[in-house]
Amino acid sequence: DAGITQSPRHKVTETGTPVTLRCHQTENHRYMYWYRQDPGHGLRLIHYSYGVKDTDKGEVSDGYSVSRSKTEDFLLTLESATSSQTSVYFCAISEELNTEAFFGQGTRLTVV
Amino acid sequence: AQTVTQSQPEMSVQEAETVTLSCTYDTSESDYYLFWYKQPPSRQMILVIRQEAYKQQNATENRFSVNFQKAAKSFSLKISDSQLGDAAMYFCAYRGLMAQGAQKLVFGQGTRLTINP
């Protein structure tokens, strides 16, 4: 199994509070991604990174920011959580010549 | 923009029987990959099978095979000799490339497969 660890695995937070989710990899892969999974939508890309300090927006980036200060860590921040951000969040990694993306175990975030 | 559609929210099959899950996609790209992922209750995303668009031969992995119809933009998954452990949510996904070589995975809505003993 690819070495990807997401933390926390579960979190309940209140509307308006900041939340940071962490993705840590031990594979030294160049690319890292954050997706959210919602019923009826499958997984949708929030943000991705193609190197340290290099990030770009995905399909559903509003309300989210990311940072990557080290190859192994990719952080997803909700500056002010809203109920619409209640979801399961997945981190994924991929390498340049590899066709497969590897996924973390997911983080279930509930905003009340 | 690419889209992936799974028109069967739920499917069920008797153990040991064969089931086919449907997927259609839309793209203007000529070079891409297609995948089927399995998501059991543990939430882990598990790659089941992949298909390269330039290959005409359908991919096969043990009991899992695909019917890839490039002109029709169709990519169905056939599970033979269904087992109880096959019960899961199945996602069809399209892979293109973004700037800087990052992968762009576009997922369908998912099909929940139930195996009846």
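Of the strands (runs of 3 or more DSSP E) lying entirely inside the range B:52-117, those containing at least 1 residues that are within 13 Å of another protein chain (Cβ to nearest Cβ) and of a type outside the set (S, T, N, Q) are B:88-97, B:103-107, B:111-116. For the range B:28-59, the set of residues classified as among the polar types (S, T, N, Q) and more than 13 Å from B:Gly96 (Cα to Cα) consists of B:Gln39, B:Ser42, B:Gln44, B:Gln56, B:Gln57, B:Asn58, listed by residue number. If I ask for residues that are at pLDDT 95 or above and part of a loop (DSSP other than H, G, I, E, B), which ones from the range B:28-43 would you list? Matches in the range B:28-43: B:Pro40 only.
Checking each residue in the range A:68-103 for being in a loop (DSSP other than H, G, I, E, B), of a type in the set (Gly, Ala, Ser) and more than 17 Å from B:Ala102 (Cβ to Cβ) picks out A:Ser80, A:Ala81. The sole residue among A:Val12, A:Val66 that is loosely packed, with under 15 Cβ neighbours inside 10 Å, more than 10 Å from chain B (Cβ to nearest Cβ) and not small (Gly, Ala, Ser) is A:Val12.
Suppose we filter the range A:32-60 for residues that are at the interface with chain B (Cβ under 8 Å from one of its Cβ atoms), without any contact (Cβ under 8 Å) to a residue 12 or more places away in the chain and more than 21 Å from B:Ser7 (Cβ to Cβ); how many remain? Of the residues in the range A:32-60, 1 are at the interface with chain B (Cβ under 8 Å from one of its Cβ atoms), without any contact (Cβ under 8 Å) to a residue 12 or more places away in the chain and more than 21 Å from B:Ser7 (Cβ to Cβ).
The values are calculated or read from the model by the stated rules, or taken from the named source; none is laboratory data. Just so it is clear, the model here is predicted, and its values are computed rather than measured. Using ideal geometry, Cβ is built from the backbone for each residue, glycine included, and neighbour counts are taken over all protein chains shown.
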